[in-house]
Amino acid sequence: MPEMGDNNRIPSQAIRSLLKVYFIMGSVNCRLSPAEVLTEALAGGITLFQFREKGKGALTGRGKFELAQNMMQLCRAHGVPFIVNDDLELAIALDADGIHVGQDDSPAGMIRRRLGAGKIIGVSAHTLQEAQQAIEDGADYLGIGPVYPTASKEDAQPVNGTRLIEELRTRGVDIPLVGIGGITLSNAAPVIAAGADGISLISAIAQAAKISETAKSFVKTVEEGLRRG
Ligand code: TZP
Ligand code: MG
């Protein structure tokens, strides 16, 4: 985990650099075993990981807990923070590094009170108003999407391209941002050019023929995009 800043919060510069290649995964997203997929992705240099055990056939209860524990150990061994999707009780039980929530989940302020200052809280936002509210509630970063069509989320909002990312940056909103939804090696660059600090993705890494090399290429693509500014 990065060093804490004032008020025990993780500074936004540290959050920005964690967001570069933010890999999300659960057992239903993998062709290989989840441990193999995550191990390869970590070897390829992913910068942040989110455990998202959702969709048809997803594990629940003890199975979900044990898989999460296993995934967190792998992340810790590589110094990559471990974020839990939605499940606050799981995040607390594991002492995970943070949580990512959607608009149907508890607001970030309430979550912050339970998790404490030093944890990472991410919120999905689809409109300017949702983004502003999440910032007011104390989110550390926003996930904006779906940028492109995705098959990985059943209840995904309409595709919105990079419009909201651009709008937030044009208005001077400087919270760390990640684009999500249908991102591949060939369409990642415009997301960074629009003003995102990184990309968040499931299938382009989880289902890649060569997971570690693919993750490495994403790191390179994002870093090049960030250098271009
Ligand atoms: N939220 C918006 S799109 C999405 C989530 C969780 C799925 C992203 O998956 P993929 O496979 O990278 O399109
Ligand atoms: Mg949710």
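Odds and ends about this structure:
- Solvent-accessible area, 1.4 Å probe, carbon plus sulfur percent, for the chain: 49 percent
- Rolling a 1.4 Å probe across the protein heavy atoms gives the chain an accessible surface of 46 Å² per residue.
- Ellipticity estimate at 222 nm from DSSP helix runs (n ≥ 4, -39,500 (n - 2.57)) divided over the chain, nearest 500: -11500 deg cm²/dmol
- Across region 21-62, the volume of the C-alpha convex hull divided among the residues equals 75 Å³ per residue.
- In the assembled protein chains, ARG112 presents an accessible area of approximately 30 Å² (probe radius 1.4 Å).
- Computed from the Cβ-Cβ distance with R0 of 35 Å, the FRET efficiency linking GLU136 to VAL219 stands at 0.60.
- Cross-link pairs beyond the 24 Å C-alpha cut-off, checked among LYS20/LYS119; LYS64/LYS153; LYS54/LYS119; LYS119/LYS220; LYS64/LYS119: LYS119/LYS220
- Length added when fully stretched, ALA209-LEU128, from 0.36 nm per residue minus Cα-Cα: 25.5 nm
- Shown here: the chain, whose C-alpha atoms stretch 44, 40, 34 Å along the first, second and third principal axes, sorted largest to smallest.
- As a length-normalised measure over Cα pairs under 8 Å and 6 or more apart, the relative contact order of the chain settles at 23 percent.
- All-pairs alpha carbon distance profile, region 183-229, 10 Å steps from 0, percent: 29, 55, 15, 0
- Those GluC sites (Glu not before Pro) in region 1-92 that DSSP places in a loop and that have at most 10 other beta carbons within 10 Å: GLU3
- Once the C-beta distance of SER33 and THR170 is scaled by a Förster radius of 30 Å, the resulting FRET efficiency is 0.10 to the nearest 0.05.
- Evaluated at q = 0.12, 0.15, 0.19 Å⁻¹, a Debye calculation over the C-alpha positions of region 1-132 (equal weights, vacuum) places log10 I(q)/I(0) at -0.45, -0.72, -1.16.
- The P(r) of region 130-205 has a tail past 16 Å containing 46 percent of all C-alpha pairs.
The values are calculated or read from the model by the stated rules, or taken from the named source; none is laboratory data. These numbers come from a predicted model, not from an experiment. Please note: Cβ atoms are built from the backbone with ideal geometry, for glycine as well, and neighbour counts cover all protein chains shown. For the accessible areas, the whole protein counts, side chains as well, though only heavy atoms, and no ligand, DNA or RNA atoms are used. Shrake-Rupley method; radii C 1.70, N 1.55, O 1.52, S 1.80 Å.
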